[in-house]
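Student: Before I ask anything, here is the structure I am working with.
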Amino acid sequence: MYQALYRKWRSRTFEDVVGQEPITTTLKNEIRQGRPAHAYLLMGSRGIGKTTCARLIAKAVNCLDPQDGSPCGECEICRGIDSGSVVDVVEIDAASNNGVDSIRDLREEANFLPSLTKYRVYIIDEAHMLSIGAVNALLKILEEPPEHVIFILATTEVQKIPATIQSRCQRFDFRRIPSETIAARLLYVAGEEGFPLEPEAAQLIGRLADGGMRDALSLLDLCRAHSPEVTVQTVSQAAGLVAQDYLFDIADGVAKGELALVMDQIAAVGGQAVEYDRLCSQLAGHFRNLLMIHSSKKPEELIVCLPETLERYRAQAKDLSPSRLIRAVRVLQEAQSAMTRTSSRRTELELAAIRLCDPRLDQSPEALLERVEGLEAKLNTLLAQGLPAPAASVPEAEPSPPPRRTSPRPSPAKAPPPAPAESPSQEAVPFPQWEDVLERLGKLNPAARGALLGSTAYTANGRVLIASDNSVFREMMKTNEYTRSSLKKAIMEVTGVRYGVGPYSGPAPASRQEPPPAPVDAILQKAKEAGVPVDIR
Ligand SMILES: Nc1ncnc2c1ncn2[C@@H]1O[C@H](COP(=O)(O)OP(=O)(O)O)[C@@H](O)[C@H]1O
Ligand SMILES: [Mg+2]
Ligand SMILES: [Zn+2]
């Protein structure tokens, strides 16, 4: 039967627990001197050795042939504890219901001598989950602990353990394990298991695991399932990442409009390290991530990557506007679906690259937007250089129409004031469940939720009106049916009511400042004024 690496490689001695030397040294000393504490509190994040150490203590204090403070692992007691047949070592999961009962029973039980071993050991995992009743029962015992009993509490949330309990325990603060230490351990495990693991790959896993050895071993397991030899590439793929350098390079070429550079990169990686269709979807993912940088206040929640990669995304996002990125994602998605119908995937990708580098060759609304943006930038430069602006005689065009308008339009006056996208009717009221809706939306459509972080909403006339100054969200609402439908679905699931959705552009909530004009909307507006046919529903 296949056994997960992290189970198979649970440390068998204190020396074998890596990265926690101050703790393991102290424990070994206490045990060697035959003076273990009555109660231990092992705290720290998950997968760094708390349960492992708890079991080692239980074995070491009872082992018939201890080796320098560590259990021998061979005697009948050690083996009995490993197999769970020794009744004097009890593991209680405080997170489960019977955890509470066990503590109650335990008060009576604790007074009896252990049947087989020297110490009766209670390991209480997730100790912060104990009920008040259980905590009180435990406290009673800890006030006068019987000689032959040892408690080991393990928790990831020490601040939830009452001070009265904490003060009666010897406390050990487990550290996140340094990435190099993790890498070394992985190389050791791979060596013992007999499969090839590149040192660089081990290091990458070490960094991705963020101090957790269990996560590192699980990721290694996943990599091994992907390929017989674990390389940086395997790790990246297994972690849902890609070896990102070339993606950054290609995106760089797109940002600069340097087609030759992009083609070179595609030629270099496409078809060798990566299949063209995979490259295409990776690129789409890359541009999507850049878009998240623009649209979300907390992109780190939406992008799975190393912290330094996030910084690279931030830097690159500065060179590419949201409309440019939206277009890039579209173009690549189209190329991907075209690839399923053709044998020449490389050509599809190259065509996409051309469209990405030069919006003039592209007739999509996004490309037009981008061109307008470009023109606008040029115009601004010219104006800044002191060219006289043309007499402003362009009439105020009607803004993009709302999905449905129920009240009759007043006939425009001679010089109409700039009309809001949609005036909310008088009775628009704050929508209290908006946070819940956003949370639900996170499951259905994380990108939309990301774009909506920090937004608020109102209801009026059976519709939920969303107040967001996020241009990417507005763009998504206009052009992407999935955004609308997932929003409606989330609202329906939270409220049980089938609401319509629309933008709110009434007075800003009192506390907030006037939002800056959404760039995409402004561009759309300009495009219409300039007579550029932008077809956005
Ligand atoms: N410090 C460590 N040294 C070696 N292996 C470790 C260490 N910490 C965790 N592991 C590995 O992760 C697995 C789970 O660790 P565990 O002790 O259960 O973590 P937790 O801190 O969540 O209780 C172990 O079986 C072992 O394979
Ligand atoms: Mg544990
Ligand atoms: Zn033993």
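The values are calculated or read from the model by the stated rules, or taken from the named source; none is laboratory data. Not measured: the values here are computed from a predicted model. We place every Cβ from the backbone using ideal geometry, glycine too, and count neighbours over all the protein chains shown. Just the protein is used for accessible areas: all its heavy atoms, side chains included, with ligands, DNA and RNA removed. Shrake-Rupley method; radii C 1.70, N 1.55, O 1.52, S 1.80 Å.
Student: Checking the conditions here, which among Lys59, Lys28 is at pLDDT 95 or above, surrounded by fewer than 23 Cβ atoms within 10 Å (Cβ to Cβ) and either among the aromatic types (Phe, Trp, Tyr) or out of contact with any Lys or Arg (no Cβ under 6 Å at 6 or more places or on another chain) (or both)?
Tutor: Working: Lys59 fails: surrounded by fewer than 23 Cβ atoms within 10 Å (Cβ to Cβ).
One residue alone meets the criteria, Lys28.
Student: OK, next. Residues in the range 216-225: is at least one in a strand (DSSP E or B), among the hydroxyl-bearing types (Ser, Thr, Tyr), outside the structural domain of Thr309 (by TED's automatic domain parsing) and open to solvent by less than 60 Å² (accessible area, probe 1.4 Å)?
Tutor: Just the residues of the range 216-225 that are in a strand (DSSP E or B), to begin with: none.
So far as the range 216-225 goes, no, none of its residues is in a strand (DSSP E or B), among the hydroxyl-bearing types (Ser, Thr, Tyr), outside the structural domain of Thr309 (by TED's automatic domain parsing) and open to solvent by less than 60 Å² (accessible area, probe 1.4 Å).
Student: Here is a check on your reading of the model: is Pro36 within 36 Å of the chain's Cα centre (by Cα) and either under 24 Å from His148 (Cα atoms) or open to solvent by 10 Å² or more (accessible area, probe 1.4 Å) (or both)?
Tutor: no
Student: Filter the range 158-171 down to residues that are touching a helix residue (DSSP H, G or I) at 6+ places or on another chain (Cβ under 7 Å) and over 16 Å from Ile132 (Cβ atoms), then give me how many there are. Give the steps one after another, and end with the answer.
Tutor: Initially, the range 158-171 is screened for residues touching a helix residue (DSSP H, G or I) at 6+ places or on another chain (Cβ under 7 Å), giving 160-162, 164-165, 168.
Okay, now just the ones that are also over 16 Å from Ile132 (Cβ atoms), so 168.
Counting residues in the range 158-171 that are touching a helix residue (DSSP H, G or I) at 6+ places or on another chain (Cβ under 7 Å) and over 16 Å from Ile132 (Cβ atoms) gives 1.
Student: Right, next: With the requirement that a residue be within 24 Å of Thr117 (Cβ to Cβ) and open to solvent by 20 Å² or more (accessible area, probe 1.4 Å), what does the range 147-168 give you?
Tutor: Within the range 147-168, Glu147, His148, Arg168 meet the criteria.
Student: Name the residues in the range 102-137 that are open to solvent by 100 Å² or more (accessible area, probe 1.4 Å), assigned to a loop (DSSP other than H, G, I, E, B) and not basic (Lys, Arg), would you?
Tutor: Residues satisfying the conditions are Asn111, Phe112, Leu113, Leu116.
Student: Something else about it: Select, from Arg404, Arg341, Arg409, Arg346, the only residue that is assigned to a loop (DSSP other than H, G, I, E, B), modelled with pLDDT of 75 or more and not hydrophobic (A, V, I, L, M, F, W, C).
Tutor: Just a single option satisfies the conditions, and that option is Arg341.
Student: Only helices (runs of 4 or more DSSP H) wholly contained in the range 1-79 count here; list those with 2 or more residues that are in contact with a helix residue (DSSP H, G or I) (Cβ under 6 Å, 6 or more places away or on another chain) and more than 16 Å from ligand 3 (Cβ to nearest atom).
Tutor: Passing ranges, in order: 5-8.
Student: Please go through the range 179-193 and give me each residue that is open to solvent by 60 Å² or more (accessible area, probe 1.4 Å) and at pLDDT below 95, ordered by number.
Tutor: If the condition is that a residue be open to solvent by 60 Å² or more (accessible area, probe 1.4 Å) and at pLDDT below 95, then Glu180 is the only one that fits.
Student: Next question. Scan the range 204-227 and report the pairs whose first residue is at negative phi and whose second residue is aromatic (Phe, Trp, Tyr), with Cβ atoms within less than 7 Å and a gap of 6+ or a chain change.
Tutor: So the pair list comes out as Arg214/Tyr6; Leu217/Tyr6; Leu217/Trp9; Ser218/Tyr6; Arg224/Phe195.
Student: Which one of Lys526, Lys489, Lys443 is modelled with pLDDT under 80 and open to solvent by 40 Å² or more (accessible area, probe 1.4 Å)? Step through it out loud before you land on a result.
Tutor: Numbers: Lys489 fails: modelled with pLDDT under 80; Lys443 fails: modelled with pLDDT under 80.
Matching residue, one of Lys526, Lys489, Lys443: Lys526.
Student: Continuing with the same structure: Which number in (1) at negative phi; (2) away from ligand 3 (no atom under 12 Å from the Cβ); (3) outside any helix (DSSP H, G or I) marks the one condition that Val86 misses?
Tutor: So Val86 meets the others, but not (2).
Student: Quick one: would you say Leu41 is buried (at least 20 other Cβ atoms within 10 Å of the Cβ) and under 23 Å from Pro178 (Cβ atoms)?
Tutor: Judged against the criteria, Leu41 is not a match.
Student: Something else now. Let me confirm something: among Lys140, Lys28, which residue is within 16 Å of ligand 1 (Cβ to nearest atom) and of a type in the set (D, E, K, R)?
Tutor: Lys28
Student: Kindly establish whether Tyr482 is in contact (Cβ under 8 Å) with a residue 24 or more places away in the chain and either open to solvent by 50 Å² or more (accessible area, probe 1.4 Å) or at positive phi (or both).
Tutor: Yes: the conditions hold for Tyr482.
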